[in-house]
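In what follows, a structure is listed as structure tokens, so that the remarks can point back to it.
The values are calculated or read from the model by the stated rules, or taken from the named source; none is laboratory data. Every value quoted in this text rests on a predicted model; they were computed, and no experiment measured them. In this analysis, Cβ positions are derived from the backbone assuming ideal geometry, glycine residues included, and neighbour counts consider all displayed protein chains. Accessible surface areas use protein heavy atoms only, side chains included; no ligands, DNA or RNA. Shrake-Rupley method; radii C 1.70, N 1.55, O 1.52, S 1.80 Å.
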Amino acid sequence: MKCPTATICSLLALLSMAWTAKQDPSILIIGAGVAGLSTARRLMEAGYSNVKILEAEPRIGGRINSVFFGDAFVDLGARWCHGQNGNVVYQMVEGLDLLGHTEIPFKMYHSSRTVIDEEFAMGLMEAMDGVYSVDGDYPDRYISIGDFCEDRFNSTIHEKYGKDEKKLQIAKEAMYYFEMEVNSNEGSSTWFESTAQSDYLECEGDLVQHWKGKGYKTFLDVLMKKYPEPKNQLPFEDKILLSKEVSEITWNESRPRNSIAAHCSDGSTYTADHLVFTPSLGVLKERMHSMFVPKLPEKKRMAIQNMGYGLVMKVILHYPEIWWKNDCNGFNLIWSDEDRKRAINEFPTGPNLNGRSWVTYMHYSLAVENNPKVLVAWFTGKLVPEIELLSNDTLARGITYVHEKFMGHIYNVTLPDKLIHSDWQSNPHFRGTYSYQTPAAKKGKKATSAQEDLADPIRTAQGRLILQFAGEGTHPHHYSNVHGAVETGFREAERIISYYGKTTNI
Ligand SMILES: Cc1cc2nc3c(=O)[nH]c(=O)nc-3n(C[C@H](O)[C@H](O)[C@H](O)COP(=O)(O)OP(=O)(O)OC[C@H]3O[C@@H](n4cnc5c(N)ncnc54)[C@H](O)[C@@H]3O)c2cc1C
Ligand SMILES: *[C@@H]1O[C@H](CO)[C@@H](O)[C@H](O)[C@H]1NC(C)=O
Ligand SMILES: *[C@@H]1O[C@H](CO)[C@@H](O)[C@H](O)[C@H]1NC(C)=O
Ligand SMILES: *[C@@H]1O[C@H](CO)[C@@H](O)[C@H](O)[C@H]1NC(C)=O
Ligand SMILES: *[C@@H]1O[C@H](CO)[C@@H](O)[C@H](O)[C@H]1NC(C)=O
């Protein structure tokens, strides 16, 4: 509609907004992960009740998935609350005594069956830290972590250990350990894929806090206000529809109300005034062309294409007895060059890449809080999609081969009696683990990052808010974290609330 004068036009706009608010605008949220639940919580607290969450999985939580295994809950997805200051998760649970500190193991084992002496191990960690966490001073703004660290680490270890050939060799081999460590933090499959100069900001304070055997799902209860006072819980139950996979989202600008629609794989359709989309960057990468009609703006498609989205796999193992004697909280594994090659002959079952068996992409196993007979083995790299498809038996034997190879001289290593593992890549509702910034996403960027481009909402030609994006991958600084996902959910709820000029009562 063309307005005769600006005054009438703004009056009409005001009227229509007041009208819409009174009608309680309908809001569809796609995904009941942390971002979707946070959006709904903030909206409900501000008095919006016409909210529906469509979730593809038969459960809520998304990349938070705590499962009872062994003696306590273990996490197939997010496990730790990273940091305290400015961490919204930490702030929401502060004082509830839900978190404990995880001691990250620093003992390093070499595949030649030597335990690396503590001083040397510390020296190696320091060498890597000094290189990795250096601020500024980048030769090229768009350099990858790998390009940046390889050279510097190499010169540092030559300086430190140049006179001791044996140590120098182990230090060189340790670089592969550090690459896998970077990959598990970033979610990248090589360290040449993520940028050395990212916009990621860490929250200060304790960086590794666990949920005392109750799993990260504890936080979902806090978020929905089921905990600590069940009587305060918000009415989530009747708003969440499970096993509702959305396959297409269409919108029609000329409809004044309910102009956006989510079409589900089961044939049902839901319409609303606003839609907040929270599935992962992996889902967007795979489906952006078929999911949205009309298609997303060029800027957003570029952001989705250029951002990185990663691969990490956890295998959680339960043992009949604690063969590692409980005297350590985990093992960092440094493969010798020879053993990295040899593994393919010594353990021929399963996939390999560039002459390296899948088992050499395992770089540590960690103990688990309140779960004495459980270890978690981590895999990173391009083979993860194939490793996810291996049988329990092959996984158990491969990991036992690795433990035996590194620690067989100290412990009587045994096979696990049961195991579970993550399948974030194989699952079409995730297609990977978490996002990172690539050199490509930084390149050519001026004022905004790819994350900000992704977060930018879509409005109609008349300026009506219609399609919004939340989720870990849309946070400019706290991406790849639960606290980042929470903040993006709140951000999109606030966007709707301020659009209607209501105040929150938090
Ligand atoms: C292995 C692993 C370890 C991690 N460790 C940590 C950690 O220790 N600490 C930390 O802070 N963070 C960690 N993270 C990251 C953290 O889990 C995520 O950043 C956060 O949970 C993402 O929440 P989200 O709501 O953005 O996305 P998601 O949790 O992915 O939620 C999106 C939801 O959308 C649903 N969905 C997808 N497609 C559709 C569709 N077509 N229709 C309807 N619904 C759909 C999904 O099923 C999902 O429930 C880890 C993640 C992984 C995978
Ligand atoms: C590592 O550094 C040494 C000493 O500075 C140098 O001789 C060597 O070529 C470097 N190796 C690599 C792979 O860069
Ligand atoms: C959009 O909505 C208008 C008004 O309801 C309708 O006339 C038109 O056919 C719709 N367009 C499409 C492509 O569905
Ligand atoms: C692997 O073991 C787990 C736990 O015992 C079980 O739930 C799962 O079904 C097994 N997977 C396969 C493929 O057998
Ligand atoms: C391993 O098992 C053997 C045979 O049972 C036993 O003699 C040995 O002490 C065990 N070693 C360790 C480190 O437990």
Round to the nearest 0.05 the FRET efficiency obtained for ASN329 and GLU237 when R0 = 45 Å and r is the Cβ-Cβ distance. 0.70
Helix 34-45: inclination vs the chain longest Cα principal axis, degrees, rounded to 10, gives 40
Expressed in nanometres to one decimal, the distance between label points 7 Å along Cα→Cβ at TYR411 and ARG113 is 1.6
Long-range amide H partners of TYR309, meaning residues 5 or more apart or on another chain whose placed amide H is closer than 5 Å, are TYR436
Which percent of the accessible heavy-atom area of the chain goes to carbon and sulfur, probe 1.4 angstrom? 52
Residue-averaged 222 nm ellipticity for the chain, from DSSP H runs of 4+ at -39500 (n - 2.57), nearest 500: -10500 deg cm²/dmol
Given the protein chains as shown and a 1.4 Å probe, how many square angstrom of TYR142 are accessible, to the nearest 10? 60
Two pseudo-spin positions, 7 Å from Cα along C-beta at MET92 and at GLU159, lie apart in nanometres by 4.4
Principal axis box of the chain, alpha-carbon based, largest edge first, Å: 84, 51, 42
Between the alpha-carbon centers of the stretch 228-269 and the stretch 278-318, tell me the distance in whole angstrom. 20
Sparse-neighbour loop sites [GluC sites (Glu not before Pro); the stretch 249-312; at most 15 other C-beta within 10 Å; DSSP]: GLU253
Cα-centred dipole magnitude for the stretch 75-135, charges only on beta-carbon of K, R (+1) and D, E (-1), debye, nearest 20: 280
With everything on Cα atoms, drop me the angle between helix 482-499 and the longest principal axis of the chain, reported from 0 to 90° to the nearest 10. 10
Distance (nanometres) between label positions extended 7 Å along Cα→Cβ at GLU298 and GLU346: 5.5
Contour minus Cα-Cα span, GLN169 to GLU321, at 0.36 nm per residue, comes to 51.2 nm
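Would you work out the relative contact order for the chain, in percent, from Cα pairs under 8 angstrom that are 6 or more residues apart?
Details: 986 pairs, mean separation 121.4, N = 506.
Computed value for the chain: 24 percent relative contact order.
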Show me the trypsin sites (Lys or Arg not before Pro) within the stretch 255-364 that DSSP assigns to loop and that have at most 10 other Cβ atoms within 10 Å of their Cβ. LYS325
Total lysine pairs under 27 Å (Cα atoms) in the stretch 44-172, excluding pairs fewer than 8 apart on one chain: 7
Expressed as an acute angle from 0 to 90° and rounded to the nearest 10, what is the orientation of the C-alpha long axis of helix 392-407 relative to the principal long axis of the chain? 50
